[in-house]
Amino acid sequence: MRHRFYRQAGRWVIARKLAELIRNLILVALGILILFPIYWMVNLSFQTVDQIFSLTPVWVPLTPVLTWYERVFTIANFQRPLLNSLIVSISSTVCVLVLNMMAAYPLARLRFPFRRVLFLFIISTMMVPQQVQMIPRYLMTLRLHWMNTYHGLFVPYLGWPFGVFLLAQFLQSIPRELEDAAKIDGANYLQILLRVIVPLTKGPLVALGILEFLGNWNTFLWALIVISSDEMRTVAIEVFFLKGKTVGSAELGMVLVGAVLCTLPVLIIYLVFQRHIVGSLGNLRLKG
Amino acid sequence: MPNIRLPRWLRGQAGRETLAALALLAPYLIIFIVWQIYPIFYGLWLSLTNLDLLSPGETQFVGLDNYARIFSDEFVGISLLNTLYFTAGSVLVGTVLALVLALAMNTTSVGGRWLKWVCFVPYIVTTSASAIIWQRIYAGRYGILNQVLNGVGLPNIAWLENTHTAMPAVIVVAIWNELGYRALILLAGIQNISMEVQESAMLDGAGRWARLRYITLPLLRPILFFVLTMAIIGSFQVFSLVLVMTSQWGDVYGGNPLYRTLTIVMYVYAQAFKLLDMGYGAALSWMLFAIIMIVTLIQMKAVGGQE
């Protein structure tokens, strides 16, 4: 037995173990490299102006400085964009989950004329790039007096079919017997949906919710179009404006803190929900 | 209710099912029609007018004038070339790197698990935030990249100001953003390739490299095709990354070093929302749609093809 083990692939065990170790080290190093910009962002946010603009890089701030964090809330009022983004993202997520679930169930499970055609039609509109609808949506938002409002930020995107697609795909794999059993018990379709289908769809619903939250949090172009007032800006565009306002001045640190604060909730959500997100990877799409 | 004679398709058990379906579908469908479908047609109509938000009362139907203007507009050519350059770099190089990464991650070792966890992070970081930190990384004397290069004796390069390096610098960031996402999808595809096929190849004496070329890659084709298509469509629409990284205040169109980083969507945005020429903006957006469709079809022929 030992004989075969030593002769496997014609190499010595030690050499193989060494190769494995080196492989692992390379992968770990790759990971560190990938994370580096994020580390750098956090790093710089704790440095003084002199350190940020020094000719030799400060790899780890030995005396971290909280001035920028202070100033970003006192001078730049960053709490407002954070709140705005939070409200919009949560509202949108709730609406999307409800609407898409209600739409996916009939499209995937109920029988009615033109069901197939309708489903394919809805899905096919995902091929149209957002920029085509962006200008008309702006004019519509303008006429509805929805500019600079929370609903103006997310309602136009509630129709995006991705969620319906994701949920419908999942629903098709649920056995018919469950619905039939509920029907025999006298449940109407709404009850079937709520008591039978939804509890089974928890996984995809969580994944969809997270993707929707992240997508909304990161939305840039539409927010730029719809928001022109200082108080209603979301975090994604606020960092851009902060950058513009502090160009050439010594307040650069605030922009970096802004970037850090913008990223923090997203990272936390990723840490907590990582399995769910990565699970539905085949159907991902984030707005940007 | 019982006295009304329902149409055939609403009667009986099937009818109740249809009614329930419609009732459940209605809220979503209404929003879908109003905000997804209607804007498409409205946009088409807009592109045939000269709607200018500065003088909205004077909107006239101008037929294909806006589209004719596209052909003589030099910025259309510039932004198209830039976007093609960006897409080629980001999609081709990025997907190859993602494939390499996926193959590297196809292991249950500690390194593999770490990498699987880490690689997705750049994708979820807000693009404008990553643009900000990368801009600092690329900065002149005070940017970490140049400082590291100096440390090994290489000269400073003004990455984002030099006309030759600006777009490549942006492409690198775009690749960094998308790498993990693409790699994880490819990894799922690789892991789906049945072990039996791999094992029988190994028994036939196929080495690692041969297995890769003749088994893994061909079987990955559909997933690769999917990743490439999504990547191309997404890359053509790039906006916030380039805008936040390269724009200077006072820019009208943007695309800082001499319009080298001006992308199509940036130009559409500038025309429609800075110059307020909505008709032209709408025409430009339809041009973008057409181009994306064409490129996707070409891509289908090239990669999609046989089973």
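The values are calculated or read from the model by the stated rules, or taken from the named source; none is laboratory data. Here the structure is a predicted model, which means the values were calculated and not measured. Note: ideal-geometry Cβ built from the backbone for every residue, glycine included; neighbour counts use all protein chains shown.
Points to keep in mind about this one:
- Tally, over the range B:102-116, of residues that are surrounded by fewer than 21 Cβ atoms within 10 Å (Cβ to Cβ) and within 7 Å of another protein chain (Cβ to nearest Cβ): 5
- Figure legend. Inter-residue proximity from the range A:50-77: first residues modelled with pLDDT of 85 or more and part of a helix (DSSP H, G or I), second residues among the polar types (S, T, N, Q) and loosely packed, with under 13 Cβ neighbours inside 10 Å, beta-carbon distance below 6 Å, spacing 6+ or different chains. Indicated pairs: A:Phe73/A:Gln79.
- Qualifying residues in the range B:7-59 (those that are assigned to a helix (DSSP H, G or I), without any contact (Cβ under 8 Å) to a residue 24 or more places away in the chain and polar (S, T, N, Q)) - the one nearest to B:Ala290 (Cα to Cα): B:Gln36
- Complete set of residues in the range A:74-92 that are more than 29 Å from A:Gly209 (Cα to Cα) and surrounded by fewer than 18 Cβ atoms within 10 Å (Cβ to Cβ): A:Thr74, A:Ile75
- Scanning the range B:246-279 for residues that are more than 10 Å from chain A (Cβ to nearest Cβ), buried (at least 24 other Cβ atoms within 10 Å of the Cβ) and of a type in the set (Ser, Thr, Tyr) returns B:Thr246, B:Thr261, B:Thr263, B:Tyr267.
- Residue check, A:Ser45 within 21 Å of B:Ile132 (Cα to Cα), at the interface with chain B (Cβ under 10 Å from one of its Cβ atoms) and touching a residue at least 40 places away in the same chain (Cβ under 8 Å): yes
- Helices (runs of 4 or more DSSP H) lying entirely in the range B:203-307 (those with 2 or more residues that are not assigned by TED's automatic domain parsing to the domain that holds B:Leu97): none
- The lone exception for B:Ala14 - which of (1) farther than 30 Å from B:Tyr253 by Cβ; (2) in the same structural domain as B:Val295 (by TED's automatic domain parsing); (3) surrounded by fewer than 17 Cβ atoms within 10 Å (Cβ to Cβ) it fails: (2)
- Helices (runs of 4 or more DSSP H) fully within the range B:76-168 counting 3 or more residues that are among the aromatic types (Phe, Trp, Tyr): none
- Taken over the range A:111-128, the residue count meeting the criterion of being surrounded by fewer than 20 Cβ atoms within 10 Å (Cβ to Cβ) and at the interface with chain B (Cβ under 7 Å from one of its Cβ atoms) is 5.
- For the range A:28-49, filtering for residues that are β-branched (Val, Ile, Thr) and in a loop (DSSP other than H, G, I, E, B) leaves 1.
- Against the test of being of a type outside the set (Lys, Arg), under 30 Å from A:Leu242 (Cβ atoms), crowded, with 16+ Cβ neighbours inside 10 Å and within 11 Å of chain B (Cβ to nearest Cβ), the options A:Val155, A:Val164 yield a single qualifying residue, A:Val155.
- Applying the condition of being crowded, with 20+ Cβ neighbours inside 10 Å and facing chain A (nearest Cβ under 7 Å) to the range B:30-55 and asking which residue is nearest to A:Val164 (Cα to Cα) yields B:Phe32.
- Per the conditions (1) outside any helix (DSSP H, G or I); (2) away from every other protein chain (no Cβ under 12 Å); (3) modelled with pLDDT of 85 or more, the sole criterion not satisfied by A:Leu18 is (1).
- Members of the range B:109-161 that are more than 23 Å from A:Ile52 (Cα to Cα) and of a type in the set (Val, Ile, Thr): B:Val110, B:Val118, B:Val121, B:Ile124
Rundown of residues vs (1) more than 8 Å from every other protein chain (Cβ to nearest Cβ); (2) under 22 Å from the mean Cα position of the chain (by Cα); (3) surrounded by 15 or more Cβ atoms within 10 Å (Cβ to Cβ); (4) over 18 Å from A:Leu30 (Cα atoms), yes/no style:
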{"position": "B:Val100", "(1), (2), (3), (4)": "yes, yes, no, no"}
{"position": "B:Tyr123", "(1), (2), (3), (4)": "no, yes, yes, no"}
{"position": "B:Thr126", "(1), (2), (3), (4)": "no, yes, yes, yes"}
{"position": "B:Ala139", "(1), (2), (3), (4)": "yes, no, yes, yes"}
{"position": "B:Leu145", "(1), (2), (3), (4)": "yes, no, yes, no"}
{"position": "B:Val148", "(1), (2), (3), (4)": "no, no, no, no"}
{"position": "B:Leu154", "(1), (2), (3), (4)": "yes, no, no, yes"}
{"position": "B:Ile157", "(1), (2), (3), (4)": "yes, no, yes, yes"}
{"position": "B:Ala169", "(1), (2), (3), (4)": "yes, yes, yes, yes"}
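- Looking across the range B:80-98, the residues that are over 15 Å from the mean Cα position of the chain (by Cα) and more than 13 Å from chain A (Cβ to nearest Cβ) come down to B:Leu81, B:Val96.
- Hey, B:Thr229 within 14 Å of chain A (Cβ to nearest Cβ), touching a helix residue (DSSP H, G or I) at 6+ places or on another chain (Cβ under 8 Å) and either surrounded by fewer than 18 Cβ atoms within 10 Å (Cβ to Cβ) or in contact (Cβ under 8 Å) with a residue 12 or more places away in the chain (or both) or not: yes
- Listing of helices (runs of 4 or more DSSP H) fully contained in the range A:171-282 that carry 3 or more residues being at the interface with chain B (Cβ under 9 Å from one of its Cβ atoms) and either in contact (Cβ under 8 Å) with a residue 12 or more places away in the chain or small (Gly, Ala, Ser) (or both): A:202-218, A:221-226, A:235-245, A:252-279
- Highlighted here are the helices (runs of 4 or more DSSP H) found entirely within the range A:82-167 that include at least 1 residues which are under 17 Å from the mean Cα position of the chain (by Cα): A:150-154.
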